[in-house]
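Here the structure comes first, spelled out in structure tokens, and everything after it is commentary.
The values are calculated or read from the model by the stated rules, or taken from the named source; none is laboratory data. The model shown is predicted, which means the values in this text are computed figures rather than measured ones. Each accessible area value is taken on the protein alone, full model and side chains, heavy atoms only, with ligands, DNA and RNA left out. Shrake-Rupley method; radii C 1.70, N 1.55, O 1.52, S 1.80 Å.
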Amino acid sequence: MKGTIINPFSLIKAGERPSADAWLQFALTFFLSVGIGLFLTGVIFFFAYNWVDLHHLAKLSIIGASITASCIGAIFCKKKPMAQQLLLLVASVMVGVLLAVYGQAYQLQSDSGFLAWAIFIALWAVAADFDVLWLVFVTVLQIGVGVALGGTNDIGIIIHFIFLALIGIFAIVPYMIESIRERSRWFVIVLFTASAIFTIGEMIVQHYKDGLGALYSITFLAVALFYGWKKRDLSVMTLGFLVVVVEIHELTIEALLFTGTFTIIGSILCYVWFIKKLRQMWNTPVETTNKKDDGNAE
């Protein structure tokens, strides 16, 4: 897997003894990541402290030099995928800083700044195939769409289905097509969590009564159940159930207090029962196989 670093602590937990090379590779990656994080932090604070004293051209030149140096470093680090990915991450973040400085220096509107940022770093995200860089791209893209469509009434529908499309691209498609690399579990969880938070926020704020809330919750629940069932991930399935519970609450909020309360409590109890049965079903084949193997051995 491209740029994958084996964590020695995971090997220890699995009962394996990590080698000295594994520890060295882990240490190099860790300190490189910390160094890049400190570099980006230093750039931000440098501009914050010297903003008034620096000329516009000086600001843009420093940022441009940083982007150029990061790209050149990434080109010469072909044999070190992790370093290459981190350098492209630095370049992508600096593009956002460049657009922000340029917009403030020349008093430009920032409505399309995030969308331009996402467009400029899209090719780097594809080339690096780095989950952290993909997360930056997804975040910038969603903010850009939200800012660009802030005055429209259909922004909730658009962003909701953009989230579902991203989940399909990064979670469902890699599972269906073996030739595509599967994403890290934390990245998939972040996508599902962000989608669930946005969906819940939209339902609470908008108080949908025309079926949109049901459409949101049903589509998200279907995707969460499909992925959670195939990957045996209860956390994703729980997020889908949480969205449905909020939708039930929104539908029964104007009903009698006891009716809505009992409906939500009943839904939670049904879900707990479902999860308990699901865990038993997932664990039963393994236990049965082990018993058969023990019997044959005897």
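Take T193, T139 and sort them by solvent-accessible surface of the protein heavy atoms, 1.4 Å probe, largest at the top.
T139, T193
Quick one: grab the alpha carbon gyration tensor of the stretch 59-179, order the square roots of its eigenvalues as a ≥ b ≥ c, and give me rounded if a/c is under 1.5, else prolate or oblate depending on whether a/b is larger than b/c.
Judged from the Cα gyration tensor, the stretch 59-179 comes out oblate (a/c at least 1.5, b/c at or above a/b).
Leaving ligands, DNA and RNA out of it, report the carbon-plus-sulfur percent of the accessible area of the stretch 92-204 at a 1.4 Å probe.
69
Let me see the pair-distance distribution of the stretch 60-109: every alpha carbon pair, 10 Å bin width, integer percents in order.
Whole-percent P(r) values from 0 Å outward: 28, 43, 21, 8, 0.
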